[in-house]
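K.L.:
My questions will all concern the structure given below.
The values are calculated or read from the model by the stated rules, or taken from the named source; none is laboratory data. Quick caveat, the model's predicted, so the values are computed rather than measured. Positions of Cβ are generated from backbone atoms using ideal geometry, with glycine treated the same way; all protein chains shown enter the neighbour counts. What goes into the accessible areas is simple: the full protein's heavy atoms, side chains included, and nothing from ligands, DNA or RNA. Shrake-Rupley method; radii C 1.70, N 1.55, O 1.52, S 1.80 Å.
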Amino acid sequence: MGRSLLAYLPVNLANIVVSFGLIVVLTRLLSPEEFGRYAIAMITLQFVHMGAFTWLEAAMARFQARAEKDGDVPSHLRTIYLLGGGIGALSVGLFLGIIYLLPLASELKTVLAFALGTAGLQLIFNLGMEAHKAAHRVTRYSLTYSSQMLLSFSIGIALVIFTPLRESGPYVGIIIGLLIALAIDLPFMLLRQKRGQFQTARAKRYAAYGFPICISLLLGYTLNSSDVYIIAAIMGEASAGHYNAGYNLANRSLEILFIWLSMAVTPVAVTAFEKAGQDGSRDIMRDYGASLLWLAMPAAMGIALVSKDAGFILGESVRDEAVTVMPFIAFAGLINGLITYYVQRAFMLSGKTRDFVWVMVPPVVLNIALNIILVPKFGLMGAVWSTIAGYGLAFVFAVLLARRHYPLPWPLRATFEIALACFAMAAVVTALPLDTLSPGPLTLVIKASVGALVYLGTCWVLNAADCRTIIRGFAQGIRQRNQIIEMSE
């Protein structure tokens, strides 16, 4: 797992640059209304992608190892790629037609059209990336995905600055970046489909596995993002931009950590499950859960502690409103990440993805109802409270149901130790004598540095999540490799 984390580091770094770069640049270059339209288009794009395409990506990730075991990778790839090409073209055309017919403002229609225009290309690109991860072609995946993200980001920002595209510029940049990446990667994937055949039975099996994942992701994303639509309808597009800026800065910081660990561990867990069953994957999942908590819990606490200090990252037009929601969104993002990137893996490995759908229905209903009630009364904080309540209910339901199908281990001791280290960090950072300094980069660096040192020191003393054992193991491995190199010389 440690080697996989290092191998996926370039993707994580590119994710950081693009995620925070978009927030930093777009909240300065765009007006609150323009940023609000950009956010609405991004959320709509994610809804479309999850509802129409993620079942194919999930099938690629889940069944690649089985196809390798059965010696039938070409037909596996051919089936999914043909489905992806056909469904992608039809879905994008359908949704563009719906946008044209809807009674929306022309500015919103334009950015929505460009956003949805990326969906089909993104699907074909993502299928290749999922295949690379599942087949443990980590280097190819890291280089290709990182390059595409950075290229799309750079082109998109240039289009915002130098053309009248404004909030549509980032989406045009994504289209150009995907076309360049596909020109390199798609021939590689097509070569691996040689002599493969489209198999209807295989397609049905993939759909039966993947469609529940689509629905559950849609429900999860509704829980995550429906508040932006409600805020826009009740408070206006500018308020939606304020909320989305704070939400993205807090939640995306955590999500990057979750994605990094997930992309490193999930293929390993799936391969272990296929070869050795539940017992073979359970140890991996236990270590994975402890690692998620060890990284994500202090990150969430840190975001809450430095939210005002990190406000300089955002443009002035959205800053004041955005930083007020960040501490609470960090807590909500921690719960969301544990559901999506840990508990959901139990349903994935056991194949009981349909049951995960029912986990998400009550939290989504609760979240939407609370948003409609609380946003008119309490504004953006009403949306925050609604989100926390929905995630809390989803977490309880998900854990209880997951353990019926898979022996999902929960590292209780590690949770307690990590929580103690987080509270020690919070106590020291809160007590720092920084009242004479204005919130900004300097106070952010001081708080982050002191907080990290206190957290790591406390974890070392407590051996939280066996971190001391792991670090010593890494050090011993490095020493052994150095000795082997010296002997060979």
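K.L.:
Considering Cα pairs under 8 angstrom that are at least six residues apart, work out the relative contact order of the chain and quote it in whole percent.
P.N.:
Relative contact order of the chain: 19 percent.
K.L.:
Semi-axes of the range 16-72's equivalent ellipsoid from the Cα gyration tensor, sqrt of 5 times each eigenvalue, largest first, rounded to whole Å?
P.N.:
Semi-axes (√(5λ), whole Å): 37, 15, 5.
K.L.:
Also, I was wondering about something else. For the range 231-389, what relative contact order do you get, as a whole percent, if you take Cα pairs closer than 8 Å and at least 6 residues apart?
P.N.:
Over the range 231-389, the number comes to 30 percent.
K.L.:
Kirkwood Rh over Cα pairs of the range 241-295 into Stokes-Einstein at 20 °C, 1.002 mPa s: D in µm²/s?
P.N.:
Translational D for this selection: 170 µm²/s.
K.L.:
May I pose another question? Ranked highest first by the average count of other Cβ atoms within 10 Å around their residues, in what order do 352-358, 288-294, 335-341 fall?
P.N.:
Per-residue mean Cβ counts within 10 Å order the peptides as 288-294, 335-341, 352-358.
K.L.:
Give me the three principal axis extents of the range 335-461 from the C-alpha atoms, as integers in angstrom, largest value leading.
P.N.:
Projected onto its principal axes, the Cα set of the range 335-461 covers 54, 44, 20 Å.
K.L.:
Using a 1.4 Å probe on the protein chains only, how many percent of the accessible area of the chain belongs to carbon and sulfur?
P.N.:
Heavy-atom surface of the chain belonging to carbon and sulfur, 1.4 Å probe: 67 percent.
K.L.:
Using only C-alpha atoms and all pairs of different ones, pull out the Kirkwood radius for the chain in Å with one decimal.
P.N.:
23.7
K.L.:
Which value in Å does the Kirkwood hydrodynamic radius of the range 187-336 take, with 1/r averaged over all unlike C-alpha pairs and then inverted?
P.N.:
After inverting the pairwise mean of 1/r, the radius is 18.6 Å.
K.L.:
Quick one: what do you get for the range 338-406 if you divide its Cα Rg by 2.2 N^0.38 Å?
P.N.:
1.25
K.L.:
Tell me which of Tyr38, Pro10, Gly97 sits at the most positive position along the dipole axis of the range 1-98, charges placed on C-beta atoms (Lys, Arg +1; Asp, Glu -1).
P.N.:
It is Pro10.
K.L.:
Here's a follow-up. What percent of all Cα-Cα pairs in the range 110-162 falls in each 10 Å bin, counting up from 0?
P.N.:
With 10 Å bins starting at 0, P(r) equals 21, 43, 27, 8, 0.
K.L.:
Need one number: the % of Cα-Cα pairs in the range 31-120 sitting beyond the 15 Å mark.
P.N.:
The answer is 64 percent, as a whole percent.
K.L.:
Follow-up question, since we're still on this one. Which of the peptides 47-57, 245-255 is most tightly packed, and how do the rest follow, going by the mean number of other Cβ atoms within 10 Å of each residue?
P.N.:
245-255, 47-57
K.L.:
Continuing with the same structure: Roughly how much of Phe378 is accessible, in Å² to the nearest 10, using a 1.4 Å probe?
P.N.:
Here the accessible area works out near 110 Å².
K.L.:
So with the 1.4 Å probe, I'd like the accessible area per residue for the chain, rounded to whole Å².
P.N.:
Roughly 44 Å² per residue, with all protein chains present.
K.L.:
State the dimensionless ratio Rg/Rh of the range 43-190 (Rg: radius of gyration of Cα atoms; Rh: Kirkwood radius).
P.N.:
Reported Rg/Rh, Kirkwood definition of Rh: 1.01.
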